[in-house]
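Undergrad: Structure in structure tokens, see below.
The values are calculated or read from the model by the stated rules, or taken from the named source; none is laboratory data. Worth saying up front: this structure is predicted, and the values here are computed from it rather than measured. Neighbour counts run over all protein chains shown; Cβ positions are idealised from the backbone, glycine included.
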Amino acid sequence: MLQTTEFALLRRVAAEQAEGRAPSLVAAVVRGGDVLWTGARGQVDGAAPTADTQYRIGSITKTFVAVLVMRLRDEGRLDLNDELDKHMPGTSFGHLTIAQLLSHTGGLTSESPGVWWERAPGGDWPDLVDRMDEDVLKHRAGARFHYSNPGYGVLGQLVAELRGASWLEVLNTEILAPLGMARTTPMPAAPHALGWAVHPYADVLLPEPTPDAGAMAPAGQLWSTATDMARWLRFIAGDSGTVLHPDTVEEMRAPVVVEDGGAWTGGYGLGLQTWRDSGRRLAGHGGSMPGFLANVVVDPTTTTGALAMTNSTAGVGVSALSMDLLKLVDDYEPALPGEWRPLTEVSLDLLALTGQWFWGPMPFVLRLMAGGWVELRPVSGAGRGSRFRPTGDGEWLGLDGYYAGETLKLHHHADGTVSHLDLATFVFTRTPYDPKAPVPGGVDDRGWRPGD
């Protein structure tokens with residue numbers, strides 16, 4: 001990167017470390033498949049931390065658990081609308097759906113009953129579920145966003161039961177190994193930072209415990225490095241390799257619920273936090289455990305992302321820092337638009353479908369995309385529009401916008417010529433209200449005419 005950009009990034013990191021009194025702080029910026037920059041301040045074992053120094057990432061662990069659940073969904077092993085009872089009967093909250101647990105909308109308590117779980121060795125699943133009686137339901141299911149750490153303990157157990165192995169074994173096999181994230185582990189492996197609490201009124205430290213959280217581990221157990229978290233940022237942006245289809249990652253990024261009411265600057269999807277900032281839609285997650293803070297955030301549109309990790313319990317704004325690093329890179333060195341390239345192959349039948357179509361009198365444009373995908377949007381640019389992926393036999397599945405999940409179908413006349421498009425019962429014709437197409441309610445035989 002340009003020296004001016006690198007200096008601006010380092011200065012922001014240095015200011016945060018000094019003002020937040022962080023024992024150590026490491027940060028990185030990514031774009032596309034590259035780590036553009038890494039920076040660090042403070043010391044770990046008498047030296048500056050590196051991109052290979054492990055920190056505990058806390059609730060960023062939840063994003064991995066969510067991916068494991070979505071893999072099960074994509075395989076048909078579960079449905080997000082399934083109630084928990086279908087797969088794990090016998091709990092006091094079995095009526096909650098898997099989607100509600102993923103998005104923190106089930107109303108489940110924020111913390112596990114008993115002692116402060118983040119600082120105490122955790123028990124096994126039978127111990128956790130025995131303590132989760134009817135009192136753990138704090139809100140009506142689906143009524144509101146209520147962050148729940150135990151909810152992800154439940155999801156980790158769900159993965160274990162459906163896979164027949166611990167969630168950590170499944171994590172290693174299905175995510176970490178395929179993505180080459182060998183330095184993401186459940187317990188620290190050298191070189192790693194020690195977790196500290198910094199006294200609020202004196203520059204002295206107190207070591208924090210880092211026990212195994214047991215059944216609550218899926219809520220915040222993992223340790224990782226800047227290098228591995230940079231790879232995870234690329235995953236969240238859609239570079240998901242063989243682990244998950246990019247469409248599923250996009251589904252996870254879509255906000256299910258808004259956290260901050262009418263302002264809508266922050267929300268939560270299916271295991272991912274979402275933000276709106278300066279016209280951008282961002283995704284990622286924060287993490288907090290005694291002795292550690294971490295945050296990852298990425299703009300899927302530009303694939304520019306940033307991360308920050310520190311070994312301090314409080315006082316270091318890793319979320320604001322990572323957001324600022326992302327902004328600095330976009331301001332100093334904005335991502336270039338991708339090069340336009342012509343399609344390498346095209347179906348002439350699909351090419352013939354491009355151009356104007358009419359929903360009643362309203363003109364739309366159908367565009368052909370790579371892979372046989374199509375895009376249907378109003379000519380005006382405002383209104384209902386979506387991209388569609390081909391599913392075969394003249395049908396496409398809506399991927400986004402108003403028609404996400406709906407089916408677009410191509411219909412023909414008896415002589416084989418194109419008659420119309422059917423989109424969720426709406427009829428699109430080549431001319432406004434084509435009388436030769438089966439327009440519901442019919443088309444007046446007198447056709448278009450001047451007004452009275």
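Undergrad: Residues to consider are ALA424, ALA437, ALA370, ALA404; find the one that is without any contact (Cβ under 8 Å) to a residue 40 or more places away in the chain and more than 27 Å from ASP247 (Cα to Cα).
TA: ALA437
Undergrad: Still on this model: If only one of ASP277, ASP203, ASP228 is touching a residue at least 40 places away in the same chain (Cβ under 8 Å), of a type in the set (Asp, Glu) and either touching a Pro at 6+ places or on another chain (Cβ under 8 Å) or surrounded by 15 or more Cβ atoms within 10 Å (Cβ to Cβ) (or both), which one is it?
TA: ASP228
Undergrad: Being surrounded by 22 or more Cβ atoms within 10 Å (Cβ to Cβ) and within 24 Å of the chain's Cα centre (by Cα) is the filter here, so list the residues in the range 87-114 that pass it.
TA: The answer is LEU96, ILE98, GLN100, LEU101, LEU102, SER103, HIS104, THR105, GLY106, LEU108.
Undergrad: Can you tell me which residue in the range 165-195 is farthest from VAL243 (Cα to Cα), limited to those that are surrounded by fewer than 21 Cβ atoms within 10 Å (Cβ to Cβ) and over 26 Å from the mean Cα position of the chain (by Cα)?
TA: LEU194
Undergrad: Right, something else. So, ARG56, is that one under 17 Å from ALA160 (Cα atoms) and modelled with pLDDT of 95 or more or not?
TA: no
Undergrad: Then there is this: Give the number of residues within the range 241-297 that are within 30 Å of SER24 (Cβ to Cβ), at pLDDT 95 or above and β-branched (Val, Ile, Thr).
TA: Selection size over the range 241-297: 3.
Undergrad: Going through the range 240-272 one residue at a time, which ones are more than 9 Å from the chain's Cα centre (by Cα), closer than 16 Å to MET70 by Cα and not polar (S, T, N, Q)?
TA: GLY241, VAL243, LEU244, HIS245, PRO246, ASP247, VAL256
Undergrad: Select from the range 51-85 the residues that are surrounded by 19 or more Cβ atoms within 10 Å (Cβ to Cβ) and of a type in the set (Gly, Ala, Ser) and write down the one among them that is nearest to GLU250 (Cα to Cα).
TA: Ranking the candidates gives ALA66 first.
Undergrad: Would you be able to say whether some residue in the range 35-50 is touching a Phe, Trp or Tyr at 6+ places or on another chain (Cβ under 7 Å) and at pLDDT 95 or above?
TA: Among the residues of the range 35-50, not one is touching a Phe, Trp or Tyr at 6+ places or on another chain (Cβ under 7 Å) and at pLDDT 95 or above, which makes the answer no.
Undergrad: Also, quick follow-up: Based on this model, can you work out whether ARG384 counts as of a type in the set (D, E, K, R), surrounded by 13 or more Cβ atoms within 10 Å (Cβ to Cβ) and assigned to a loop (DSSP other than H, G, I, E, B)?
TA: Yes, satisfied.
Undergrad: Same structure again: Return yes or no: is LEU353 in a strand (DSSP E or B), modelled with pLDDT of 95 or more and in contact with a Leu (Cβ under 8 Å, 6 or more places away or on another chain)?
TA: no
Undergrad: Now a separate question. Among the candidates GLY76, GLY39, GLY46, which residue alone is assigned by TED's automatic domain parsing to the domain that holds GLY315, in contact with a Leu (Cβ under 6 Å, 6 or more places away or on another chain) and without any contact (Cβ under 8 Å) to a residue 40 or more places away in the chain?
TA: The unique qualifying residue is GLY39.
Undergrad: Can you tell which of SER166, SER148, SER112, SER103 is under 21 Å from ASP212 (Cβ atoms), out of contact with any helix residue (DSSP H, G or I) (no Cβ under 6 Å at 6 or more places or on another chain) and not basic (Lys, Arg)?
TA: Exactly one of SER166, SER148, SER112, SER103 is under 21 Å from ASP212 (Cβ atoms), out of contact with any helix residue (DSSP H, G or I) (no Cβ under 6 Å at 6 or more places or on another chain) and not basic (Lys, Arg), namely SER148.
Undergrad: Within the range 1-36, take every residue that is surrounded by 15 or more Cβ atoms within 10 Å (Cβ to Cβ) and either free of Cβ contacts under 8 Å to residues at least 60 places away in the same chain or polar (S, T, N, Q) (or both) and give me the one that is farthest from ASP299 (Cα to Cα).
TA: So the residue we want is SER24.
Undergrad: Being among the hydrophobic types (A, V, I, L, M, F, W, C), over 24 Å from GLY142 (Cβ atoms) and surrounded by fewer than 24 Cβ atoms within 10 Å (Cβ to Cβ) narrows it down to one residue among ALA254, ALA314, ALA237; which is it?
TA: ALA314 is the lone residue from the list that is among the hydrophobic types (A, V, I, L, M, F, W, C), over 24 Å from GLY142 (Cβ atoms) and surrounded by fewer than 24 Cβ atoms within 10 Å (Cβ to Cβ).
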